Amino acid sequence: MNYRMPMEAEGGFELGSLAKKAGIAVVGVIALGILSGGFYTVDEGERGVILRNGAMIGTAEPGMSFKLPFFDAVRKISVKTNSRIYENVLSYSKDQQTADLRISLTYHIPPAEVGDVYATFGDEEGMATRLLDRKVNDEVKIVFGRYNAATAISDRGKMVAEMKDAVVKAVKGPVVVDSLQLENIDFSNAYETSIEERMKAEVEVAQFKQTLEREKVQAEILTTQAQAQADSRLKQAKADAEATKLRGEAEADAIRARAAALGQNPALIALTQAERWDGKLPATMIPDATVPFMNMGTAAAN
């Protein structure tokens, strides 16, 4: 005996089967979503803060981990070295000069303290805003105020080191200050103009000193040369005087010798006259003048 189900019954069975399959598929999709939502990853340079129903229950290291879907959440916080720039930090020097400073700060959050960062500040930006920004501005201004405008430039390295030390001591929290740099000091236009004028004056003074030194050296050279010339002339004069003296002494000795010879031999005078006479009588005679006479006999007898 053949039995055939009514058409309505067959259609209802098929619809029921389809509904069952669709339900299974929906459940599978939901289960897959739940399972996939339970896995998460944390990158290198980050740490995860695990929250269960809003309460922190721990931290997560880099890698893939599992959390309870719908109940757990993960907040990631960077532990890399980060930097913040502080523009136009208005400060006053010890001599009451205004300056806009540009400061750069590098820092990092220790991995073990990401929980404190989240619990106290919510995230890294909150920590930096509430903890770093205020301290950097305050401490930089205090240290800058210990220096005159001129020494802030000449002792810049020392001043920056003091700024960093001051910020490190002032920052109390889950962060490490790695470095602080003073990238620029912008004084007022009036002060910078006065600095330029002072530098120009110092250059002119230095040039004037160089000119004086050069002139001094040149004067010393001329003095040395003049002294050498004077010494030379003095030596020459002494030599000439000595020569004159020697010639005078020689002539005096000759005269004394001649006088002595004449004294010992009076006839030598007549002999000298005879030797020098050319044998001619004067061509003209002045009236009543004496005719030159030589005692030839006496001279000859002698």
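The values are calculated or read from the model by the stated rules, or taken from the named source; none is laboratory data. What you see is a predicted model; the values in this text were computed from it and never measured. Here Cβ is always computed from backbone atoms with ideal geometry, including for glycine, and neighbour counts include all displayed protein chains. Surface accessibility is based on the protein's heavy atoms, side chains included, excluding ligands, DNA and RNA. Shrake-Rupley method; radii C 1.70, N 1.55, O 1.52, S 1.80 Å.
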Considering residues that are farther than 30 Å from Glu139 by Cβ, in a strand (DSSP E or B) and not hydroxyl-bearing (Ser, Thr, Tyr), the number found within segment 43-74 is 15
So in segment 110-137, with the set limited to residues that are polar (S, T, N, Q) and closer than 19 Å to Ser83 by Cβ, which one is surrounded by the most Cβ atoms within 10 Å (Cβ to Cβ)?
Asn137
For segment 148-203, give me the residue count where each residue is more than 18 Å from the chain's Cα centre (by Cα), open to solvent by 50 Å² or more (accessible area, probe 1.4 Å) and under 28 Å from Pro111 (Cβ atoms).
7
Looking only at segment 43-86, and only at residues there that are over 20 Å from Glu124 (Cα atoms) and open to solvent by 100 Å² or more (accessible area, probe 1.4 Å), the one that is nearest to the chain's Cα centre (by Cα):
Met64
Inside segment 154-171, can you point out the residues that are touching a Leu at 6+ places or on another chain (Cβ under 8 Å), closer than 30 Å to Gly122 by Cβ and not aliphatic (A, V, I, L, M)?
Lys164
In this structure, is Gly23 modelled with pLDDT of 65 or more and either open to solvent by less than 50 Å² (accessible area, probe 1.4 Å) or touching a Lys or Arg at 6+ places or on another chain (Cβ under 8 Å) (or both)?
yes
Kindly indicate the residue of segment 99-115 that is in a strand (DSSP E or B) and farther than 10 Å from Val79 by Cα and also farthest from the chain's Cα centre (by Cα) among those meeting that condition.
Thr106
Do we find that Tyr107 is closer than 30 Å to Asp186 by Cα, open to solvent by less than 50 Å² (accessible area, probe 1.4 Å), modelled with pLDDT of 90 or more and of a type outside the set (Gly, Ala, Ser) in this structure?
yes
Which members of segment 62-98 meet the condition of being hydrophobic (A, V, I, L, M, F, W, C), in contact with a helix residue (DSSP H, G or I) (Cβ under 7 Å, 6 or more places away or on another chain) and closer than 30 Å to Ala150 by Cα?
Val89
Among the residues of segment 87-104 satisfying the criterion of being in contact (Cβ under 8 Å) with a residue 12 or more places away in the chain and of a type in the set (S, T, N, Q), which is surrounded by the fewest Cβ atoms within 10 Å (Cβ to Cβ)?
Asn88
